[in-house]
1. Mind pulling the angle between the C-alpha long axis of helix 45-84 and the longest principal axis of the chain? Nearest 10 degrees, somewhere in 0 to 90.
2. Tell me the label-point distance for the pair Thr163, Leu80, using the 7 Å Cα-to-Cβ offset, in nm and rounded to one decimal.
3. What percent do you get for the relative contact order of the chain when only Cα pairs under 8 Å and 6+ apart count?
4. Please report the Cα spread of the chain along all three principal axes, rounded to whole Å, starting with the longest.
5. Binning at 5 angstrom from zero up to the longest distance, how are the C-alpha pair distances of segment 278-377 distributed in percent?
6. Please check which bits of segment 152-169 a label hung off Met219 would reach, taking the label as a point 7 Å along Cα-to-C-beta and the cut-off as backbone N under 17 Å.
7. What nm value, rounded to one decimal, do you get for the distance between Ala361 and Ala25 when each label is placed 7 Å out toward the C-beta?
8. Over segment 65-111, what per residue volume does the convex hull of the Cα atoms give, in whole Å³?
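Values quoted throughout were computed directly from the atomic coordinates according to the rules given, and no laboratory measurement underlies them. A quick note: this is a predicted structure, and the numbers were derived from the prediction, not measured. Using ideal geometry, Cβ is built from the backbone for each residue, glycine included, and neighbour counts are taken over all protein chains shown.
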Amino acid sequence: MRDAKSTSSETSPAGSVPPRPLTGAMADEVERLLSGRTRDIRLTGELRRRFDERLWRQTAKVIRSWMIWVAFVDVLTLALNAALLPRQVVLSMIAPACLLPPAAILTAVVWNKPRPAAVQRASLLLGMFLILLSVGLVGVFAGGEFYERHLSIMLFVATSAITIFSVPLAWTIAIACYALCLYLILQWHNPLLEAGSVVAATLFFSCGIIATVVARRTMNILAQKTFLLDCRDQRRVAELADANARLERLARTDPLTGIANRRWMMETLESLWRHGRETGIVAMLMCDIDHFKGLNDKLGHGEGDRCLVKVAGIIQSCVRADRDLVSRHGGEEFLVVLPDVDEEEAVAVARRIRESVEAAALPNPASSVGPSVTLSVGVAFKSRADTGVSLANLQHEADMALYRAKEAGRNQVSVFRRPPVATGQTAARRQG
């Protein structure tokens, strides 16, 4: 069903694989074809190959069913003739009638699975030729009233095949030519008809065959148009999904630093807490750039933005990319959540972040700590035993630890130590 250079590996039954996205050139071609007249639609190249792939299963199923049914009707008709007609007539029909079932069955076998286009084309055209020849020769061999009757049946068989076989137009025309040529040749030798009658009958039936071919061409074009419309719809759906994905990324991403924003972080954490996955060990790090307002005032907001971007990158490089969560919590603050770590590991990560920022030597002439940008980090934990600690409690404790780091001179890591009493009572007393 493709051009002869195609291979069976390129053909797959419709629905066996998900639709592949269109390239830009293919999308342009789809729009060009749909913007023109329907009758001018011609699929070429990759679009034609995809169209044939999509229709292969349905077309092959129709061809197999038709072939099997024709073989069955041929055998059934021969059996009925044997019961109803004179023995001599039946014997004359057997030899040509036996040509049809093998041709039909072999054609159905070839179309049982995808094969090279040349094989599919040859099997269908040869099978149809043998089927039509068999039907015609049955009438020729039987003679008399059966002569013209079976030639008319032959044309009916050809017309039904042309109508229902969704194959390339060239194949359809070949089947039509087979039928008309066989009809003309066999009728020419009909002793009951004169030459003028043969020509007139051939011209009459040609009109019907041509009309059927034109109808088949129209159906093919409409099928191609439906395919193009589906392609366009799939592309639009993909574009919409991509736009929604971009909007979702924008909604959860800080536009300056490219890391998660506070909203996404809090929604993620609340979901984890709500589904009970917070019962393991969790460490929360609240990081704050020291004297960031002074940096903005001294160097300008452009330099301040560059500082935020670089610090965000440093923090991300110090954590586990596949497990830990990092977000810009607001202004110059960053929130880091470390699941499944003990206190020693969390403090080590916090110190690594602080030391890496300091080692980057980003300028901050407004800092009282030193000439470069530094970071203060507050660390809070929730262990498996702290079942009463909520997300808000843990965040408040990380804030308190950060405040202590700032009070102690900045550029350091402070760990919140929860007294060994009921966590809720302790937090209440501290807040009181």
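1. Relative to the chain, helix 45-84 is tipped by roughly 40 degrees.
2. Reported label-point gap for Thr163 and Leu80 is 1.8 nm.
3. Rounded, it is 12 percent for the chain.
4. 119, 47, 32
5. Per 5 Å bin, starting at zero, the Cα-Cα P(r) for segment 278-377 comes out as 2, 14, 25, 24, 16, 10, 6, 3, 1, 0 percent.
6. 155-169
7. 5.2 nm
8. Expressed per residue, the convex hull around the Cα atoms of segment 65-111 is 47 Å³.
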